[in-house]
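Let me begin by presenting the structure, written as structure tokens, before commenting on it.
Quick note: the coordinates plus some simple rules give every number you see, no bench work behind them. Predicted, not measured: the structure shown is a model, and the values here were computed from it. Neighbour counts run over all protein chains shown; Cβ positions are idealised from the backbone, glycine included.
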Amino acid sequence: MERPQLMTLTDAAAERVKKLMAMSDEPVLGVRVGVTQQGCSGMSYKMEYAEDERPGEEIIEDKGVKVFVEPTATMFLIGSEMDWLEDKLESRFVFNNPNAKGTCGCGESFHV
């Protein structure tokens, strides 16, 4: 039986990743996603350009883009959907994460 994909991307997220990759000064393979201990709820998502593949990373290929998931973030992101939201006040990536048990008031951090 095939294992379900660790994380998926919405069409909007995939398009935004493609645009970011096109704007990079250096060649990139995709984006890297991780989590870090910070924020008022305990953990925050972090993203950066992925210029290389690192040992132990899970590679998600979805809608024509690659997302490299840091090994320490895997258990916190299982089943998540990465989305890109844009409105009059802000634009940002958001993670619809079934593992998050709560978030802070500003939505910048979460806990499991």
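Lys-Lys pairs in region 7-99 that are eight or more residues apart or on separate chains and whose Cα atoms lie under 17 Å of each other come to 5. Full extension of the chain segment joining residue 59 with residue 47 gains 2.9 nm, where the gain is 0.36 nm per residue of separation less the Cα-Cα distance.
In this structure, the amide hydrogen of residue 30, modeled 1.01 Å from its nitrogen in the peptide plane, lies closer than 5 angstrom to those of 50, counting only residues at least 5 positions away or on a different chain.
Close amide H partners of residue 62, meaning residues 5 or more places away or on another chain with modelled amide H under 5 Å apart, are 67. Residue ranges 87-100, 69-82 sort as 69-82, 87-100 when ordered by packing (mean number of other C-beta atoms within 10 Å per residue, highest first).
Using the Cβ-Cβ distance between residue 36 and residue 88 with R0 set to 22 Å, the FRET efficiency from 1/(1 + (r/R0)^6) comes to roughly 0.15.
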